[in-house]
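Notes to accompany the following structure.
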Amino acid sequence: MSEENRQPLLQVSHLKQYFPISSGFFNKKVGYIRAVDDISFDVYPGETLGIVGESGCGKSTTVRSIAQLYKPTSGEVYFEGKNICQASEKEMLLARKDIQMIFQDPYASLDPRMTVRSIIAEPLIIYNNRHMMEKELTREDIENRVEYLMERVGMNRLFKNRYPHEFSGGQRQRIGIARALALQPKIILADEPVSALDVSIQAQILNLLSDLQKEFGLTYLFIAHDLAVIQHISTRVAVMYLGKIMEIADALELYANPSHPYTEALLSAAPIPDPKIERKRQRIILTGDVPSPDKEYKGCCFYDRCPRKQPHCKDHIPTLKEIAPGHRVACWLYEK
Amino acid sequence: MLKPNAKTVLQVKGLQTYFKTDAGILKAVDGVSFDLHENEALGLVGESGSGKSVTNLSIMRLVQTPPGKIVGGEIYFEDQDILKLPESELRNIRGNKVSMIFQDPMTSLNPFLRISTQMVETIMLHEKGITKQDALARSIDMLKQVGIPAAEKRIFCYPHQFSGGMRQRVMIAMALSCKAEVLIADEPTTALDVTIQAQILELIEKLSNELGTAVILITHDLGVVAGMCDRVCVMYAGKIVEKALTDELFSHPAHPYTEGLIASVPHMDASSKAKRLFSIEGQPPNVIDLKPCCPFYPRCHKCQEICHVAYPPAKQLDAEHTVSCWLYATDDEKKQAIEEEKRK
């Protein structure tokens, strides 16, 4: 697929999301957590962009900033060419119809006092009452849509009057997916949708997500920390570390030619469920932990843990540089 | 690594741990048997609720009673049945001979006490006559071994000053500080990131090789099992459905559940990308009031009539490979089982 002649559906440019750290009696600001620090990427219609990284690297914050659940500190998010960071409440409401989310924890993301029916119908009712649907829905329409959605995500429609606690984790995640689909969105932001699930259930949900993508022409922004899951579902993959994108490329390219030392280490640390390969391969074991994101870096933020660091990296921040078509890396190794 | 004729250090025979609930008896562990040899790493794999953790809590006799109760079986450690020992003697085994690493490094350390207090307390409890200074020196030494930088200073920190990976290292240091013969690691890396997971697994492997500790590794991650374990037991609904050497299990899974489990994990290679994942349909069963049948039959794609009627006996495929599935039973055995069920 060539990127030039397609319009991106979602464009993120120089997005920053800082959270102030306050301390003392007057809550004086003493610093910032740089959760997302100047990231830019595009998402094209019909593709799945996977974001992978360790905990605390800012994956979830990125998604929440895009959905405007946080007001970004600076930077822009364009959805279908419109800047949604500057959008009015009404415009944002319209945009949210096309941008839906699936959350990580299927236990916390559903209201325990609502029935499955009212959970899935809620977005429909909200938009219907504000006359923002293409055509006015009757109660019967809503009912039919709820039943259709439940069946589409693989749940029995007879369960619609039940409460979330009556379902297992996998079933709840299906309810969350049905809710996200209710308004026929164009893009779904999926924040670790399978990481709380068992292996066999995880496979069911991943298959469901790919089926839905084909059927409704959906675009996904898919977050996970499991590299195999990301590889399976994504068209392109972005690797994040300490709020920055270290490498972004086509999924096949990234896994075949990881170029950033961090990507290399991440891939080599991921266990492979095959004892013959697993025992033979040489691991790159990184030392130390992910540092706290409250520090400002003068150079590469991976410097402390990097096995291939050079003196130059300490005081110069690398920028994302294209090393092959569509393959961009932020590392001084690839800049002369 | 596993040597032939290795000494058996721990033997579990027909362990049954039930929980009394309002809805009925929950058979969390129902007839689990396995041996653990010297220097060996044994993997226990299964989905949540399959009874992996309860099996190991039973070995340490840490199951909360009530509601839980070990209702049957034997656990032999050094020719003693742990289940018959009085509490006072059990304390010599717990921590000293068999120690445990828990899943959640955030909650398994006491947040009010310094790391030093917690480590010294452990060592002094288990080793009679050791002075406080010696215990502290030993603790610092252990922290160094697990790779905590500036251990002399960091030992006086509180748990909240450590990151998740470092807390898990402290747990490992504590578990190994008494030179236990058996280490039970209950999902030691589930709460950690991949790069930290790689560090911790390497550490467990290195230390167990150096100290000759046998390890029981509980996990749901088949990748971790593939890299770490010599033998694997696959658990489903409180029972071990398949037991085999790791290579054998991955190359020739015999039970349809194992087969499905291995096939449903996405692989990191280009060939598996376009394909649909194999998925085991349905949900894991509710283990309350299970009928005497194969608990996997509603999800099994090789299910036969007999699977609805009786639980399959364990069948030895070769010296190290056992499976509980009717696919491998002879017709006579099936007939016999059906007749027996009818008589009941």
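Quick notes on this structure:
- With both residues required to sit in segment A:165-297, DSSP beta bridges show an antiparallel share near 55%.
- Expected-Rg normalisation [2.2 N^0.38 Å, Cα atoms] applied to segment B:1-74: 1.22
- Three-way shape call for segment A:187-319 based on the alpha-carbon gyration tensor, with the a/c threshold at 1.5: prolate
- Range of Cα positions in segment A:215-272 per principal axis (Å), largest first: 37, 27, 18
- Set of lysines with alpha-carbon distance to A:K214 below 21 Å, sequence-local pairs under 8 removed: A:K97, A:K186, B:K273, B:K275
- The H on the amide N of B:I25, modeled in the peptide plane, is under 5 Å from the matching H of B:D289, each at least 5 residues off or on a different chain.
- Amide hydrogen proximity for A:D37: with H placed 1.01 Å from N in the peptide plane, the residues at 5 or more positions away or on another chain lying under 5 Å are A:Q17, A:K244.
- Exposed GluC sites (Glu not before Pro) absent - longest run of chain A, DSSP non-H/G/I/E/B, at most 10 other C-beta within 10 Å: A:137-295
- Flagged links, alpha-carbon separation over 29 Å, of A:K29/A:K321; A:K59/A:K90; A:K59/A:K295; A:K90/A:K295: A:K29/A:K321; A:K90/A:K295
- Taking N as the residue count of the protein assembly as shown, its C-alpha radius of gyration divided by 2.2 N^0.38 Å amounts to 1.02.
- Beta-bridge orientation, chain A: approximately 60 percent antiparallel, per DSSP, counting only bridges with both partners inside.
- Under the Karplus curve 6.51 cos²θ - 1.76 cosθ + 1.60, θ = phi - 60°, whole-Hz ³J(HN,Hα) for segment A:226-239, x wherever Gly or Pro sits: 8, 5, 5, 4, 4, 4, 5, 9, 8, 8, 10, 10, 10, 9
- Using equal-weight Cα scatterers in the Debye expression, the normalised intensity of chain B in log10 at q = 0.07, 0.09, 0.13 Å⁻¹ is -0.32, -0.53, -1.05.
- Fraction of antiparallel bridges per DSSP, the protein assembly as shown only, in percent to nearest 5: 65 percent
- Rg(Cα) / (2.2 N^0.38 Å) computed for chain A, rounded to two decimals: 1.06
- Residues A:H232, A:H14, A:H165, B:H126 arranged by fewest to most Cβ contacts within 10 Å: A:H165, A:H14, B:H126, A:H232
- Ranked A:D226, A:D98, criterion: other C-beta atoms within 10 Å, fewest first: A:D98, A:D226
- Footprinting exposure proxy ranking of A:C85, B:C233, fewest other C-beta atoms within 10 angstrom first, gives A:C85, B:C233.
- Segment B:147-173-segment A:41-117 distance, computed between alpha-carbon centres (Å): 36 Å
- Cα-based reach from A:K16 at 20 Å (exclusive), listing aspartates and glutamates while leaving out same-chain residues under 8 positions away: A:D37, A:D38, A:D42, A:E54, A:E76, A:D191, A:E247, A:D294, A:E296
- Where only DSSP H runs of four or more residues are counted, chain B gives -9500 deg cm²/dmol as its mean residue ellipticity at 222 nm, each run worth -39500 (n - 2.57).
- Sparsely packed chymotrypsin sites (Phe, Trp or Tyr not before Pro) within segment B:43-125, loop by DSSP, other Cβ within 10 Å at most 11: B:F112
- Euclidean distance of C-alpha centroids, segment A:212-262 and segment B:16-32, integer Å: 43 Å
Readers should treat all values here as calculations from the given coordinates under stated rules, not as data from a laboratory. Please read these numbers as outputs of a predicted model, since none were measured by experiment. Every residue, glycine as well, gets a Cβ built from its backbone with ideal geometry; the counts of neighbours run over all protein chains shown.
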